[in-house]
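Asks: Supplied in structure tokens, the structure appears directly below.
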Amino acid sequence: RQQLHPELPPRDALVSSDAGLIRIKLENELRAGLGAGEMQIYLQPIADIYTRKIAGFEALVRWQHPEKGLVRPDLFIQLAEDSGLMVPLGRWIVHEACRIAQLLEQQSNKAGVAHSGAFISINVSTMQFRDPEFFDHLSLALSETGINPQRVKLEITESALTDGEAAKRWIKQCKALGVRVALDDFGTGYSSLSYLHEFDIDTLKIDQSFIRKMMTDQRSRHIVEAIIALSKKLSLEIIAEGIETQEAIDVLQALECQYIQGYIIAKPAPLSAYL
Ligand code: C2E
Ligand code: CA
Ligand code: CA
Ligand code: CA
């Protein structure tokens, strides 16, 4: 462990501190939980601001812990990244998200409801991004579930683009499989607008911190406006995240942002809520 992660304090230091003990305990529980089927995919809809229809869903992982209840990903994704569990967890997420999306599609076709054809957006962490077998597993998930690859979108963050050559190869593989790519949390990292035309990205997700600031700060609103205008020129789909109020919807509609995601539309919920 220490060799793999030199930035961590020595194991003894970890064990001797409460935080370290809790961490190791949690790591073991996460490993066991993954094996015991305690992970669950929640779905949050992404809506078209003009038609008000569901355009797609983001898959968000949850951990149904036997004692702690529902654990949010903020509390275990980083742990999974650090402990090497993210790759197996990520493989499960990709497969499960495709399976769920295909199920939802079959149901909505039968019922003739609005979200037929909706995309499924899957978060890809740094470790998954670096996993050389990522695309083998993705292909397998696509063929086993029978989902149309064009309905699958992968969400990466700007940090994945810092190694430009690797990122280009990765995105090329997505295109070869027919899946789409979204740039998540846009505006929080070292955002470079040059990324947008350098990489073959399909969708831009404006981070919720920007959306929040935009409501009170004129400068932030100008930035959001510029990002939306640029996306249009580059034919990028644009999604604003963290929409909690009608006022935010009104502003985004005025700025001609086509897609919105947030609590005002729906909180993430398990598949059963949509069936
Ligand atoms: P993210 O990818 O930026 O996901 C959006 C987060 O914002 C989700 O939190 C979602 O529940 C929350 N959210 C959506 N609308 C609103 C809103 O109107 N107001 C507020 N306050 N929050 C809103 P969640 O599900 O807790 O996930 C947190 C982060 O954990 C995600 O941020 C993502 O980075 C990571 N994560 C979640 N699921 C996965 C996964 O399956 N794989 C990976 N690699 N990371 C994941
Ligand atoms: Ca995301
Ligand atoms: Ca995000
Ligand atoms: Ca985030």
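Asks: Mind checking Rg over Rh on the chain, alpha carbons, Kirkwood formula for Rh? Show your work: numbers first, answer last.
Replies: On the way: Rg = 19.4 Å, Rh = 19.9 Å.
Across the chain, the Cα-based Rg/Rh ratio is 0.97.
Asks: What is the distance, in nm, between label points placed 7 Å from the Cα along the Cα-to-Cβ direction at Gln40 and at Ser139?
Replies: Computed distance between label sites Gln40 and Ser139 equals 3.5 nm.
Asks: Name the most mobile residue of Arg91, Arg151, Arg52, meaning the one with the largest mean-square fluctuation, in a Gaussian network model of the chain with Cα contacts below 10 Å.
Replies: The residue with the greatest mean-square fluctuation here is Arg52.
Asks: While we're looking at this one, here's another question. If you average the C-alpha positions of segment 59-88 and of segment 102-170 separately, how far apart do those two centres end up, in angstrom?
Replies: 19 Å
Asks: I've got another one for you. Calculate how many DSSP beta bridges within the chain are antiparallel, expressed in % of all such bridges and rounded to the nearest 5.
Replies: On the way: 16 of 38 bridges.
The answer is about 40 percent antiparallel.
Asks: Here's something else I'd like to know. Projecting each Cα onto the charge dipole of the chain (Lys/Arg +1, Asp/Glu -1 at the beta carbon, about the Cα centre), which of His65, Gly189, Leu255 comes out farthest on the positive side?
Replies: Of the listed residues, the answer is Leu255.
Asks: Gln218 to Leu70: FRET efficiency via 1/(1 + (r/R0)^6), r the Cβ-Cβ distance, R0 30 Å, to the nearest 0.05? Provide the component values of the computation, followed by the final result.
Replies: Details: r = 38 Å, r/R0 = 1.28.
Working from the Cβ atoms, E equals 0.20.
Asks: Stretched out fully, how many nm does the piece from Asn28 to Thr188 gain, at 0.36 nm a residue minus the Cα gap?
Replies: Details: separation 160, 0.36 × 160 = 57.60 nm, distance 3.18 nm.
Separation in residues times 0.36 nm, less the Cα-Cα distance, equals 54.4 nm.
Asks: Label points 7 Å out from Cα along the Cβ direction at Ala166 and Ala111: separation in nm?
Replies: Distance between the two pseudo-spin positions: 4.2 nm.
Asks: Per-residue ellipticity at 222 nm for the chain, helices alone: DSSP H runs ≥ 4 residues times -39500 (n - 2.57), over residue total, nearest 500 deg cm²/dmol?
Replies: Helix-only estimate at 222 nm: -14000 deg cm²/dmol.
Asks: Calculate, for Ser17 and Gln78, the FRET efficiency according to 1/(1 + (r/R0)^6) with r their C-beta to C-beta distance and R0 22 Å; round to the nearest 0.05. Mind dumping the intermediate values first?
Replies: Working: r = 18 Å, r/R0 = 0.80.
With R0 = 22 Å, the Cβ-Cβ based efficiency is 0.80.
Asks: If you don't mind, another one. Set Lys and Arg Cβ to +1 and Asp and Glu Cβ to -1, take the dipole of segment 74-113 about its Cα centre, and tell me which of Val94, Phe76, Ala111 lies farthest positive.
Replies: Towards the positive end, the residue furthest out is Ala111.
Asks: Still on this structure, I have one more. Could you compute Rg(Cα) / (2.2 N^0.38 Å) for segment 85-220, with N its residue count? The partial results should precede the final answer.
Replies: Details: Rg = 16.2 Å, N = 136, 2.2 N^0.38 = 14.2 Å.
With N residues counted in segment 85-220, Rg over 2.2 N^0.38 Å equals 1.14.
Asks: Same structure again: Leaving ligands, DNA and RNA out of it, report the carbon-plus-sulfur percent of the accessible area of segment 27-176 at a 1.4 Å probe. Intermediate values should be presented prior to the final figure.
Replies: Numbers: 3550 of 6830 Å².
Of all accessible area on segment 27-176, carbon and sulfur atoms account for 52 percent.
The values are calculated or read from the model by the stated rules, or taken from the named source; none is laboratory data. Predicted, not measured: the structure shown is a model, and the values here were computed from it. So basically every Cβ, Gly included, is an ideal-geometry build from the backbone, and we count neighbours across all protein chains shown. All accessible areas refer to the heavy atoms of the entire protein, side chains included, with ligands and DNA or RNA removed. Shrake-Rupley method; radii C 1.70, N 1.55, O 1.52, S 1.80 Å.
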